[in-house]
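Accompanying notes for the structure given below.
The values are calculated or read from the model by the stated rules, or taken from the named source; none is laboratory data. Bear in mind that the values here come from a model prediction, so they are computed numbers and not experimental data. Note: ideal-geometry Cβ built from the backbone for every residue, glycine included; neighbour counts use all protein chains shown.
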Amino acid sequence: MTQAQETTPTVRLTDLVHDRCNYQDREFERFVDRFMEKWMPGFPLQLLERDYDRWEIEPEHTYTVEMVADEDVTGPNGEPNPHSVEDRDGNVHLFDCEGEAEDFCDEQREEDEQGRLGFPWCWNWCHYPPDNIFDEDLTAAGFTVAQYTDSDGEQRRVCGIDGMGYSFHGAHFASLCAIVNIRWGRAVKTENGPAYLTLGGDK
């Protein structure tokens, strides 16, 4: 670690964007703009074919069936070692047989798909991130990731935001910039000079 790194302060993202919407620090806002221009190029969704068969949208929640290995836990009909599924809200549902659990997963996936505000995102805009921005970075910042197959059969990873009525810049772009720069170990620019970011409550 260099002397500059040792003396560079660490600040919370919420110190710069206190409500994850409105910026308190204009230099960081400009830094986020430059980050998005360089690493998250975007274009209108209309440039891609709307054919549903070309799209594979990564689910925001993965539904998996697990067996509860505890004889004290029973299913709805009192069967021991039931099958469990955790829903998108973190609630655990118990089922006596695996087939019922799988049916529940399918129903939840269909509800999630029908609950989208647009296809596959709102505002008809998408981004084309490079490989050094990971899927988990994007999903943690609120982006929905998809694989699009073009007319030549090549798959391309694109992403967008399925939301409306609030600032994407403060809620998603700033979060992604913070998440990626934290993982890269890089400082960001603020009105008080360079600073490392943290997403947690403690500096």
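Of all the numbered requirements in (1) modelled with pLDDT of 85 or more; (2) more than 30 Å from PRO130 (Cα to Cα); (3) not assigned by TED's automatic domain parsing to the domain that holds ILE161, LEU47 misses one, and that requirement is (2).
Say we look at segment 5-27 and pick out the residues that are part of a helix (DSSP H, G or I) and more than 24 Å from the chain's Cα centre (by Cα); which of these is surrounded by the fewest Cβ atoms within 10 Å (Cβ to Cβ)? Before the answer, list the steps.
Residues of segment 5-27 part of a helix (DSSP H, G or I): 5-7, 13-16, 26-27.
After this cut, where a residue has to be more than 24 Å from the chain's Cα centre (by Cα) as well, the list is 5-7, 26-27.
On the way: GLN5: 11, GLU6: 7, THR7: 9, ARG26: 11, GLU27: 15.
Among those residues, the one meeting the criterion is GLU6.
Could you list, in sequence order, the residues of segment 47-80 that are in a loop (DSSP other than H, G, I, E, B), touching a His at 6+ places or on another chain (Cβ under 9 Å) and closer than 30 Å to THR144 by Cα?
The initial filter retains those residues of segment 47-80 that are in a loop (DSSP other than H, G, I, E, B), namely 48-51, 58-65, 68-73, 75-79.
Then keep just the ones that are touching a His at 6+ places or on another chain (Cβ under 9 Å); that gives 65, 68, 75.
Listed by number, the list holds a single entry, VAL65.
Evaluation of GLN155 against the conditions (1) more than 14 Å from the chain's Cα centre (by Cα); (2) surrounded by fewer than 19 Cβ atoms within 10 Å (Cβ to Cβ); (3) under 28 Å from ASN22 (Cβ atoms) shows that the sole unmet condition is (3).
Residues checked against (1) surrounded by fewer than 16 Cβ atoms within 10 Å (Cβ to Cβ); (2) β-branched (Val, Ile, Thr); (3) modelled with pLDDT under 90; (4) in contact with an Asp or Glu (Cβ under 8 Å, 6 or more places away or on another chain):
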{"site": "ARG116", "(1), (2), (3), (4)": "yes, no, yes, yes"}
{"site": "ASN124", "(1), (2), (3), (4)": "yes, no, yes, no"}
{"site": "TYR128", "(1), (2), (3), (4)": "yes, no, no, no"}
{"site": "ASP162", "(1), (2), (3), (4)": "no, no, yes, no"}
{"site": "GLY170", "(1), (2), (3), (4)": "no, no, no, yes"}
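Residues that are β-branched (Val, Ile, Thr), outside any helix (DSSP H, G or I) and free of Cβ contacts under 8 Å to residues at least 60 places away in the same chain within segment 158-194 comprise just one, ILE161.
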